[in-house]
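The next block holds one structure in the form of structure tokens; read it before the comments.
The values are calculated or read from the model by the stated rules, or taken from the named source; none is laboratory data. Everything numeric in this text was worked out from a predicted model, so none of it was measured. Here Cβ is always computed from backbone atoms with ideal geometry, including for glycine, and neighbour counts include all displayed protein chains. SASA here: full protein model, heavy atoms, side chains in, ligands and nucleic acids out. Shrake-Rupley method; radii C 1.70, N 1.55, O 1.52, S 1.80 Å.
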Amino acid sequence: MLASRPMPPADDALTPAARRQLDRWLRHWGADSLVGALKVEFSPRLRRAFGRCYQQQKIIRLTASLRDSQSHLFEEILCHEAAHAAVYELHGDAARPHGEQWEELMRVAGFEPRVRIPVVVRTVRGRDGSRALYLHRCPVCDRARSASRPMRHWRCRACATSGRDGRLVIQRGSQRPRRERQAAAIGKHRKRRSVISSKRRG
């Protein structure tokens, strides 16, 4: 009799291809008990780190910016957090978070065991010093996202899952630097105060 394949969690956020890759790592590491049991979520609240692993709850949370990303870093970050879950499953609290056991699992998966992943962030600025932004808006449900460059592979998730094309309309805009926006806001406030005070005098 063939063994039934473990089903992924019902609310799994990973694509089928990413889930298969995750399960391959887990089996290769000998952490078969996590196959189909390790849950992956994307969280918009996760801003200071690419991902976090909650070993006891068997949950991996990844930053929401990775959800629609074609970045080569996605696979490494998923592997990084999955290795934490596997180390805990195999060795418990005795193993250090980025100790020898974790490093070995990363190497087995084909990645350099990096604790910190350097990312170069480039800011696109116009001639007037404003930051170039591209607004990606869904013409059907009017949802919008912005990015520093056109993301032509992005699709509206809600429309795409309901059978529509989900293609977004891309418009180029600009956003002034924060200091400039703050200075403009302070200037408006001062001007308003001076108008109010002159009315009182009159």
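When you go through Ala85, Ala18 one by one, which is the residue that is in contact (Cβ under 8 Å) with a residue 12 or more places away in the chain, of a type outside the set (Ser, Thr, Tyr) and under 24 Å from Cys156 (Cα atoms)?
Details: Ala85 fails: under 24 Å from Cys156 (Cα atoms).
On inspection, the qualifying residue turns out to be Ala18.
What are the residues in the stretch 143-171 that are in a loop (DSSP other than H, G, I, E, B) and free of Cβ contacts under 8 Å to residues at least 60 places away in the same chain, if any? Quick ask: steps written out before the conclusion?
So the first thing to find is which residues in the stretch 143-171 are in a loop (DSSP other than H, G, I, E, B), and the list is 143, 148-154, 156, 162-166, 168.
Residues satisfying the conditions are Arg143, Ser148, Arg149, Pro150, Arg152, Cys156, Ser162, Gly163, Arg164, Asp165, Gly166, Leu168.
Looking only at the stretch 8-27, which residues are open to solvent by 70 Å² or more (accessible area, probe 1.4 Å), farther than 16 Å from Glu81 by Cβ and not acidic (Asp, Glu)? Quick ask: steps written out before the conclusion?
Pass one, the stretch 8-27, residues open to solvent by 70 Å² or more (accessible area, probe 1.4 Å): 10-11, 15-16, 20, 24, 27.
From what is left, the residues that are farther than 16 Å from Glu81 by Cβ are 10-11, 15-16, 20, 27.
Once the filter is applied, which keeps residues that are open to solvent by 70 Å² or more (accessible area, probe 1.4 Å), farther than 16 Å from Glu81 by Cβ and not acidic (Asp, Glu), the stretch 8-27 yields Ala10, Thr15, Pro16, Arg20, Arg27.
Can you find even one residue in the stretch 29-45 that is under 17 Å from Arg116 (Cα atoms), without any contact (Cβ under 8 Å) to a residue 40 or more places away in the chain and of a type in the set (Lys, Arg)?
Going through the stretch 29-45, the residues under 17 Å from Arg116 (Cα atoms) turn out to be none.
No - not one qualifying residue is present in the stretch 29-45.
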